[in-house]
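Just below is one structure, and these are the notes that go with it.
The values are calculated or read from the model by the stated rules, or taken from the named source; none is laboratory data. Owing to the predicted nature of the structure, the values given are computational and were not obtained by experimental measurement. With ideal geometry, Cβ positions are generated from the backbone for all residues, glycine too; neighbour counts draw on all protein chains shown.
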C-alpha cells in the first residue's frame, strides 16, 4: 500500500508534547511521534514539521503584563527548544534532520531558506521549522500554513491533544458535536478554535487541506499519511 501524500507539513502543538504531570516535555510522547515519522519517511514521504511552544511559554496569555512583541519573541524561542528535542530524538533513531529558524541562531540551526528546505525534503531529510514566521502577532498555526504553501505540500497534518474538531470543548462538554469533514468557511463562521483565521484563510486561498487528529492515538501519523479517515478533514 502506497502513502496517499507525497509531501506533508505536520504542525505539532507544544501542549501535545507535554505530560499529564505538567512536565514541559514528555519523551515517551516525543519518541512515539518520531518513531512514526521515521516509518512514513522510510516510505518516501517528505516531512516538514512546525512545532509550537505552548508547553513552555504562551505569549498571548501574558500580553497584559508585558509588551506583546517581547512576549511573542519569547514564545518563538520556546519553539526552538521543542524543535531541538524532536531533532535529537529523530537523529538518535538514525533519520537525518535539519532545524531551520525564522530568527537566525547559526550556532544551533540553519536560517530559514526556502530553496534549501526544499532540497533537504527532496533528499529525505526531515525539516523542522522553528520560531514561527519570525514575526510577533503571528501564530505557529499561521507559520504552518505559510510553510505549507511555500513547500508546496499535499496536506497539513494538525497533531493535537484532542482527536478531532468539535463544536465546543469535548473536555468540558460531553455532548460536543464532532465533525468528520468541515469547510474552511464553516471553521471561520462557527468560530471554531482549530487554527487562527489567518492560517485558515491562507490554507483556503492555496487549496491546502488540513487533517486534524489526535497525536496520542495509536499509529495516527501513519494512518493519516496513508489516507485513512481519522480525525477531521478541513477542505
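Would you list the strands (runs of 3 or more DSSP E) that sit entirely within the stretch 1-120 and hold 2 or more residues that are over 14 Å from the mean Cα position of the chain (by Cα) and in contact (Cβ under 8 Å) with a residue 12 or more places away in the chain?
97-101
Scanning the stretch 208-225 for residues that are in a loop (DSSP other than H, G, I, E, B) and modelled with pLDDT of 95 or more, which turns out nearest to residue 161 (Cα to Cα)?
Among those residues, the one meeting the criterion is 209.
Within 21 Å of the chain's Cα centre (by Cα) and either closer than 26 Å to residue 137 by Cβ or exposed (fewer than 11 other Cβ atoms within 10 Å of the Cβ) (or both), is that true of residue 180? Spell out how you get there, then give the answer.
Working: within 21 Å of the chain's Cα centre (by Cα): yes; either closer than 26 Å to residue 137 by Cβ or exposed (fewer than 11 other Cβ atoms within 10 Å of the Cβ) (or both): no.
For residue 180, the condition - within 21 Å of the chain's Cα centre (by Cα) and either closer than 26 Å to residue 137 by Cβ or exposed (fewer than 11 other Cβ atoms within 10 Å of the Cβ) (or both) - is not met.
Could you check, for the stretch 222-232, whether at least one of its residues is without any contact (Cβ under 8 Å) to a residue 40 or more places away in the chain and under 21 Å from residue 14 (Cβ atoms)?
Scanning the stretch 222-232, I find no residue that is without any contact (Cβ under 8 Å) to a residue 40 or more places away in the chain and under 21 Å from residue 14 (Cβ atoms), so the answer is no.
Quick one: residue 219 ticks every box in (1) buried (at least 16 other Cβ atoms within 10 Å of the Cβ); (2) in contact (Cβ under 8 Å) with a residue 40 or more places away in the chain bar one, so which box is it?
(1)
Based on this model, can you work out whether residue 176 counts as in contact with a strand residue (DSSP E or B) (Cβ under 8 Å, 6 or more places away or on another chain) and free of Cβ contacts under 8 Å to residues at least 12 places away in the same chain?
Spelling it out, residue 176 is indeed in contact with a strand residue (DSSP E or B) (Cβ under 8 Å, 6 or more places away or on another chain) and free of Cβ contacts under 8 Å to residues at least 12 places away in the same chain.
Counting only residues that are touching a helix residue (DSSP H, G or I) at 6+ places or on another chain (Cβ under 6 Å) and in a loop (DSSP other than H, G, I, E, B), which one in the stretch 155-207 is nearest to residue 55 (Cα to Cα)?
Of everything passing the filter in the stretch 155-207, 161 is nearest to residue 55 (Cα to Cα).
Check whether at least one residue in the stretch 163-172 is in contact (Cβ under 8 Å) with a residue 12 or more places away in the chain and surrounded by 23 or more Cβ atoms within 10 Å (Cβ to Cβ), and report yes or no.
Scanning the stretch 163-172 turns up at least one residue that is in contact (Cβ under 8 Å) with a residue 12 or more places away in the chain and surrounded by 23 or more Cβ atoms within 10 Å (Cβ to Cβ).
One residue is enough: does the stretch 83-91 have a residue meeting the conditions surrounded by 17 or more Cβ atoms within 10 Å (Cβ to Cβ), modelled with pLDDT of 90 or more and closer than 17 Å to residue 133 by Cβ?
yes
For the stretch 134-154, name all the residues that are within 13 Å of the chain's Cα centre (by Cα), surrounded by fewer than 24 Cβ atoms within 10 Å (Cβ to Cβ) and at pLDDT 95 or above.
142, 146 - these are the residues of the stretch 134-154 that are within 13 Å of the chain's Cα centre (by Cα), surrounded by fewer than 24 Cβ atoms within 10 Å (Cβ to Cβ) and at pLDDT 95 or above.
Taking the conditions exactly as written (farther than 21 Å from residue 218 by Cβ, touching a strand residue (DSSP E or B) at 6+ places or on another chain (Cβ under 8 Å) and crowded, with 22+ Cβ neighbours inside 10 Å), does residue 75 satisfy them or not? Reasoning before the result, please.
Working: farther than 21 Å from residue 218 by Cβ: yes; touching a strand residue (DSSP E or B) at 6+ places or on another chain (Cβ under 8 Å): no; crowded, with 22+ Cβ neighbours inside 10 Å: yes.
Taking the combined requirement at face value, the residue does not satisfy it.
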